[in-house]
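Have a look at the structure below before the remarks.
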Amino acid sequence: MPAGFPDFRLGNVLATSFTGTLSERHGNAVERIPTPHRLIDWLTVNGLAVDSCTTAQLELARELRESIHAAATAAAIQDALPASAVQVINDCSAQGRAAATLTPEGERQWRLSSASRVEDALSVIAADAISIIAGERDGKLALCASPTCRAAFFDTSQSRTRKWCDMNTCGNRQKKARFHANQRKNLGSAE
């Protein structure tokens, strides 16, 4: 990854990993795809390599990201899905030309159109979002317990009680804060 850009937060679920390209939404927001080239990098890392990306395509990608976040958040709290978000997700899903293929190892891989357009990659992400928001996959949508994050994530843990979108960032930060608060409390009571 090029220096100067924050690392990508990669997960096992394409759609919620994509929404993670904007993190700390309720704190000091971190934009992980600030340029068209960074979107190309993210898509490549996630098996959706494209040839090029324009500023307009980056804006479309960000609109899809925010729509997925809004719809996934609503689904996680069992609220009505925002109509505008549903429309963007559906439009992006319908725009692309991508095909699911089976690898010799028995895994699904996406093949984009011969032109490898950003819209093709976004259609795969939108389709993934539709499958998790519609409840077609084994797991549950939840919101990160970090008050500065509140990212929607897809919990596939056995108990479905995961609290953090990413244990290495949000979970670790919360555990450190709790530890330091307990240390201060213990020091105060020892005096």
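The values are calculated or read from the model by the stated rules, or taken from the named source; none is laboratory data. Being a predicted model, the structure only gives us computed values, none of them experimental. With ideal geometry, Cβ positions are generated from the backbone for all residues, glycine too; neighbour counts draw on all protein chains shown. Note: areas computed on protein heavy atoms with side chains; ligands, DNA, RNA excluded. Shrake-Rupley method; radii C 1.70, N 1.55, O 1.52, S 1.80 Å.
The set of residues from the stretch 109-136 being without any contact (Cβ under 8 Å) to a residue 40 or more places away in the chain and in contact with a Ser or Thr (Cβ under 7 Å, 6 or more places away or on another chain) comprises Arg111, Ser123, Ala127.
Just give me the residues in the stretch 114-149 being touching a helix residue (DSSP H, G or I) at 6+ places or on another chain (Cβ under 6 Å), within 26 Å of His37 (Cβ to Cβ), open to solvent by 10 Å² or more (accessible area, probe 1.4 Å) and not small (Gly, Ala, Ser), in sequence order. Selection gives Glu119, Asp128. If the condition is being aliphatic (A, V, I, L, M), in a helix (DSSP H, G or I), in contact (Cβ under 8 Å) with a residue 24 or more places away in the chain and open to solvent by 10 Å² or more (accessible area, probe 1.4 Å), then the stretch 66-78 contributes Ala75, Ala76.
Pick from the stretch 1-56 the residues that are modelled with pLDDT of 85 or more, basic (Lys, Arg) and in a loop (DSSP other than H, G, I, E, B): which of them is farthest from Ala99 (Cα to Cα)? That would be Arg25. Within the stretch 103-151, the set of residues being within 19 Å of Asp79 (Cα to Cα) and outside any loop (DSSP other than H, G, I, E, B) comprises Ala129, Ile130, Ser131, Ile132, Ile133, Lys140, Leu141, Ala142, Leu143.
Counting the residues of the stretch 83-94 that are open to solvent by 40 Å² or more (accessible area, probe 1.4 Å) and either modelled with pLDDT under 90 or aliphatic (A, V, I, L, M) (or both) gives 3. Applying the criterion of being in contact (Cβ under 8 Å) with a residue 12 or more places away in the chain and charged (D, E, K, R) to the residues of the stretch 38-65, the residue that is surrounded by the most Cβ atoms within 10 Å (Cβ to Cβ) is Arg65. Might you let me know whether the stretch 68-91 holds any residue that is acidic (Asp, Glu) and touching a strand residue (DSSP E or B) at 6+ places or on another chain (Cβ under 8 Å)? No, the stretch 68-91 has no match at all. Do we have any residue at all in the stretch 82-100 that's in a loop (DSSP other than H, G, I, E, B), more than 22 Å from Cys165 (Cα to Cα), in contact with a Leu (Cβ under 8 Å, 6 or more places away or on another chain) and not small (Gly, Ala, Ser)? Among the residues of the stretch 82-100, at least one is in a loop (DSSP other than H, G, I, E, B), more than 22 Å from Cys165 (Cα to Cα), in contact with a Leu (Cβ under 8 Å, 6 or more places away or on another chain) and not small (Gly, Ala, Ser), which makes the answer yes.
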